[in-house]
Amino acid sequence: MKQVFDFVMISGVLLGIIFIITTLCFKKKTDKAILYLNLVIAFLILNNLQAFSLETFLADAPFFIKRLQIPWYVLIVPSFYVFLTYYLKIEKKISSYVYISFSIFIIEILIRIALYPHYYHLGQNMFIAKYVQIEEIINACYSIFLFIKTLLVLFKYTDLYQQILVFDNLKWLRNLMFLGAIIILMWVCAILLNLDKTLNPQVLIYYPLRLSTTTLLYWISYQGFYNYSLMTERIELRKAILTEEKNKESNLANNYSNDSKFQPVKNYIEKNKRYIDPNFSLEKLASEMNISTSKLSHLINQESGYNFSDYINYLRVEKAKKYLNNPNYSAYTILAIGLECGFNSKSTFYSAFKKFTSLTPSEYKEK
């Protein structure tokens, strides 16, 4: 079992190193959100690598060295908190706690340096053991405080980042916070169990916690970078679209006569680009047009030949085809284009696109 844990931990370390190198070579390497995401990964790597080293080729290290490890873990939650503020573009609206977090880390390093000359005079090392327990409790309390602040930002202070919710529903972040809550709970349990001197904290207590943090490393490295890159790309794409289409009417093909009862509905949807709202529904349209849902549904079916869902997806596909054909948008990913046209996921975009064109977006762009 220990070998399995060690393999998972070291593979997580290698993945994290590859992730950091990759993002540093990425075109957005100067972005502060990516910088702080890299710091989260780096501190997770250093914490796990240190633990792995002390349990393998440094297994015979003195008690002083084993107990007074460098407290990289105290910087993990603060780095993530700052990453979140930059991700949501609210870094100027709330406190970052960067200086406080860094000060705690420096103070703990200085204490280690101050204790080192007394290494041979502490007798049974009981003082060190007691200090480490108190220090970990303080660090855990501070991390829990910042974790709660993060939860408040995500679930209570949504008014601060409404502009981001247009591009990202933050579901991945909320799932990440759920995993983080489990890890913090495991950490608290480990601290409490560590007070029992009959248990071996290295084997019975902290292994599951380290395995969980490795899982967190896998999750945050992929999800954080992928979703942030996609969101920033969509923001840039939205700006390009608005610049090009400013003061222009929709150029979608008009297959309906001007005297059609459906024409006002069609004009309203296309002129106001209601179809790019991924949550647009028949009920919303009926309310906005002051028409009953049953009458509106019948009108759409009769005039367009589609039900409401298919008609809206048709408009989205037509818009996507326009951007896929335009060389000015060749630098943007197909997924970003699909999401900007109103689809809420890659699967629904590809499914609808193939339904109306008999091709996937990739095949259409190639042709």
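State yes or no: is Gly342 under 29 Å from the mean Cα position of the chain (by Cα) and not in a helix (DSSP H, G or I)? Against the criterion (under 29 Å from the mean Cα position of the chain (by Cα) and not in a helix (DSSP H, G or I)), Gly342 qualifies. Look at the range 342-367: where a residue is touching a residue at least 60 places away in the same chain (Cβ under 8 Å) and at positive phi and a partner is part of a helix (DSSP H, G or I) and not small (Gly, Ala, Ser), sitting 6+ places away or on another chain with Cβ atoms under 7 Å, you get Gly342/Tyr275; Gly342/Ile276; Gly342/Arg316. Take the conditions (1) small (Gly, Ala, Ser); (2) open to solvent by 10 Å² or more (accessible area, probe 1.4 Å); (3) in contact (Cβ under 8 Å) with a residue 12 or more places away in the chain; Gly338 misses just one of them, which is (2). In this structure, Asn175 does not qualify as in a helix (DSSP H, G or I) and in contact (Cβ under 8 Å) with a residue 40 or more places away in the chain.
Scan the range 112-140 for residues that are modelled with pLDDT under 90 and in a helix (DSSP H, G or I) and the total you get is 18.
Hey, does the range 55-62 have a residue that's in a helix (DSSP H, G or I), modelled with pLDDT of 80 or more and either surrounded by 15 or more Cβ atoms within 10 Å (Cβ to Cβ) or hydrophobic (A, V, I, L, M, F, W, C) (or both)? No, the conditions are met nowhere in the range 55-62.
Within the range 243-255, is there a residue that is modelled with pLDDT of 80 or more and part of a helix (DSSP H, G or I)? No - not one qualifying residue is present in the range 243-255. Among the residues of the range 148-172, just one is open to solvent by 70 Å² or more (accessible area, probe 1.4 Å), over 30 Å from Tyr275 (Cβ atoms) and either part of a helix (DSSP H, G or I) or among the small types (Gly, Ala, Ser) (or both), namely Ile148. Restricting attention to the range 300-309, does a residue exist that is farther than 21 Å from Ile241 by Cβ and aromatic (Phe, Trp, Tyr)? The answer is yes, given that some residue of the range 300-309 is farther than 21 Å from Ile241 by Cβ and aromatic (Phe, Trp, Tyr). Checking each residue in the range 263-292 for being among the small types (Gly, Ala, Ser) and either loosely packed, with under 14 Cβ neighbours inside 10 Å or within 22 Å of Glu340 (Cα to Cα) (or both) picks out Ser281, Ser287, Ser292. Scan the range 293-310 and tell me whether some residue there is touching a residue at least 60 places away in the same chain (Cβ under 8 Å) and in a helix (DSSP H, G or I). Checking the range 293-310: not a single residue is touching a residue at least 60 places away in the same chain (Cβ under 8 Å) and in a helix (DSSP H, G or I). Among residues of the range 178-200 being among the hydrophobic types (A, V, I, L, M, F, W, C) and in a loop (DSSP other than H, G, I, E, B), the one that is most open to solvent (accessible area, probe 1.4 Å) is Leu195.
The values are calculated or read from the model by the stated rules, or taken from the named source; none is laboratory data. The model shown is predicted, which means the values in this text are computed figures rather than measured ones. Counting neighbours? That spans all protein chains shown, and the Cβs are built from the backbone with ideal geometry, glycine included. The accessibility values were calculated without ligands, DNA or RNA, using every heavy atom of the protein model including side chains. Shrake-Rupley method; radii C 1.70, N 1.55, O 1.52, S 1.80 Å.
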